[in-house]
1. Distance between the C-alpha centers of region B:225-239 and region A:156-202? Whole Å please.
2. Enter the Cα centre distance for the pair region C:201-235 and region A:124-141, rounded to the nearest angstrom.
3. Can you give the charge dipole size of the protein assembly as shown about its Cα centre, rounded to the nearest 20 debye, using +1 on the beta carbon of Lys and Arg and -1 on the beta carbon of Asp and Glu?
4. Considering every residue in C:14-27, what mean count of other chain Cβ atoms within 10 Å of its Cβ is obtained?
5. If amide H atoms are built 1.01 Å from N in the plane of the peptide, which residues on other chains or at least 5 residues away come under 5 Å of the amide H of C:R222?
6. Most mobile of C:I37, C:I122, C:I156 per a Gaussian network model of chain C (Cα springs, under 10 Å)?
7. Rounded if a/c is under 1.5, else prolate if a/b beats b/c, else oblate: with a ≥ b ≥ c from the C-alpha gyration tensor eigenvalues square-rooted, which is chain C?
8. Given a Förster distance of 56 angstrom, what is the FRET efficiency for B:I236 paired with A:H174, based on the Cβ-Cβ distance and rounded to 0.05?
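Each value in this text was obtained by applying a stated rule to the coordinates, not by laboratory testing. All values reported here derive from a predicted model rather than from experimental measurement. Neighbour counts run over all protein chains shown; Cβ positions are idealised from the backbone, glycine included.
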Amino acid sequence: MIVERKSHSTFDNKKDSHKEKGLETMKTSMWSFKLSTASLVLIPAAVGINYIGKMIAGFLKLPLWLDAIGTVLAAMIGGPVVGALSGAINNIIYGLTLDPISFAYAFTSLFLGLAVGAMAYKGWIENAGKALIVGLVAVLVASVVSTPINIIFWGGQTGNVWGDSLYAALIAHHFPVWLSSFLDEWVVDVPDKIITVFIGYLIFRGLPKTFLQQFDRQNHTDVL
Amino acid sequence: MSLYVDRPSVIHRLDPLTKLCYIAAAVTVPFICPVKSVALLVAAVTYILLAAGRVVTKVLPLLGFVAPVLLSIFIIQGMFMPDNHALVFRIGPLYFYKEGLSYAALLSLRVIGILGAFSLLVLTTKPSDLIQALMEKGLPPEIGYVLNAVLQIIPQMANALQRITDAQRARGLETDGRLLDRIKAFFPLIGPVVMNAFVETKDRAMALEVRAFNSKTKRTFLHVRKKHPADVALRIMCLAAIILAVVWRLVG
Amino acid sequence: MSIIKAEALRYKYPMQDELALDHLSFSIDKGEFIGIIGENGAGKSTLCQALNGLVPHFHKGAYGGTVTVAGKTVHETSVGELSTIVGMVFENPVVQITGAKLTVYEEIAFGLENLGLPRSTIIERVDEAIELLNLAEVRDKSPFALSGGQMQRVAIAGMIAMRPEIMIFDEPTSQLDPQGATEVFEAIETLSRNGVTVLVVSHQMERLARHADRIMLMHGGRLVAFDTPERLFAMDFSGISVRRPVYTEIVRTVQKAGGISAETVPVTLEGAAEWLVKHRG
Ligand SMILES: Nc1ncnc2c1ncn2[C@@H]1O[C@H](COP(=O)(O)OP(=O)(O)OP(=O)(O)O)[C@@H](O)[C@H]1O
Ligand SMILES: [Mg+2]
């Protein structure tokens, strides 16, 4: 899996060709698993920010979790692979240190980071309007991935009072479990994920260019 | 930062990978055999092992977390599950049915068992040992580094947040009051933490690279992990349990 | 015998118009103690990073010329491989803590684990580094629980355990209190005495002048002068502000007043005192 194992040198090993190579504009695909050290170091920071976001939301008694801001930011900065890794590692670490249930939702976080990273890479965080759409897609992805997990573990519930009331009403009227569960999750995710992505977008906009430049997927050195 | 509880027990001395095998068995078996008796058996074995690890009391707070959800499952499934036919009891206008309650019981037993199995790993294993065990089995060292670093960065950042909160409060930041004020307070609190975390990334990346972080050679581990004689046998038993469950399913 | 050799080295950071390193050519002998000075933005850090491969491999950008260290061509050798030849200590102590290790001892072993050295070698080298940098009493502490000076010594220990022939220090004391700075300079001196080729970027001219065999003065990405402290601090530079050791400044003030021009100036307290005694009246 993952990560650069080859030498960092992108120069040709033969000295002569180095002279002739001239300027090139080779870019690594956004799906590349070869992560630079700078991108890897972003992941612990992202998980830390998730944790801090959750702490602040709790401290300010906000009716939201806001526990994925770091994942969203890492995805915007480093692309889908960094986003996905940040998400998955976030839940693994939470599982190890705070709440074993969070292991189960590692896939939700993984796909959240993946989706936001891919959309950011395709230019969907240029303005606030587009960022809201990224938020909606994030909700969709999160609920599609969470629903089967919820059904397997909890018979389709989420543990959220409002969502579960809707769920109860729906199954009482013989709606299929998957749909009831999906809508239950949707109720839970809509405000939280949209706001999380939007906060991520606002912070991203404020980051200095020199910082962002190092994650540019330029993987070569020009010859002077 | 971890849920690890240091106790002198056999379970603590087992290889983390053996405990991962146990989780694999404890999660899959109750799903392969979706009956209450199997879920109960798995949960019972798990809690006996937790008792052997002398950490059973530490699972209670974790169970406390899921208790309200489990209770709501009994209520919702007991009353509204589409298959409900046989009335068991009623409380005023609320009718509870056998099918729903039975399904809720199955779900609860599974959740309690799975939570116990994960707790068995988490409560009796140092995170760094688990990470090293995985690296020895081929987890890329870069990912191993990231996992270890996360465990250290979270307390560091929590400290930083504390300092920032104090400073912002001293400057008159409104942290309780109307919802809008509290929402507004979110940014001055998270902003500096984010900046601190990101500003350092470039320098840290360089500092790692000059210490051969990108080296292609196989890593050495300074710590030698002790193997327990029971590890192999236990892993085989976990595998056997899964195979048995599959056979049970196919035959029964 | 030269251990570092740069020929027409030039380098531009990504998306930057100006050269951060502008046709640098020089050579450094094995065992030399080199000081690097210059104003902010002169290119000192960039030069340091061009010697251990961070320029160009980490920063990318545009690169020309060649640098060889101990026979390896930098732009053709990975940073990891160069790390066993050139060690580097940065300004900020905290970011050099890997963050993945629980004790100072493990922290120092990090690079050696990455190199895949045998366990016994690692233990031997870490013990030696701890001894050399006087870290015995903190070896089982968390690296985050240390003072700045201690952290910086842990960073040095982590590097020298990798047994580089060359050690580069980029403003290693500028974030430390005087006590920490003294600790670090003593450590650098020890390395130099043990035959390691040392390059130090610092604004502490008195310390630099005392220890350095030669000093590089950089400005705008160019190497303006590269000479012994006694000769370099005797030169006049127009348009570049050069801070000299205070002892040198005293002597130069006396020289100017007396209309004396000299090829060399004393750069230490003892040297200055001797000069003043000799030129009494
Ligand atoms: N990562 C970077 N990207 C773009 N430009 C950079 C980068 N790092 C440094 N520069 C620029 O390159 C030039 C040389 O910088 P360098 O850091 O080498 O100077 P310095 O002599 O070390 O200065 P200081 O005393 O402030 O540390 C400066 O103009 C600086 O702005
Ligand atoms: Mg510098």
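1. With region B:225-239 and region A:156-202 each reduced to a Cα centre, they are spaced 42 Å.
2. The two parts, judged by their Cα centres, are 55 Å apart.
3. Working: 70 positive and 65 negative charges, 292 e Å.
That gives a dipole near 1400 debye.
4. Working: counts 7, 5, 1, 0, 0, 1, 0, 1, 0, 0, 0, 0, 0, 0.
The shielding value for this peptide is 1.
5. HN-HN under 5 Å from C:R222: C:D22.
6. C:I122
7. Details: a/c = 2.13, a/b = 1.39, b/c = 1.54.
The shape class here is oblate.
8. Numbers: r = 46 Å, r/R0 = 0.83.
That pair, B:I236 with A:H174, gives E of 0.75.
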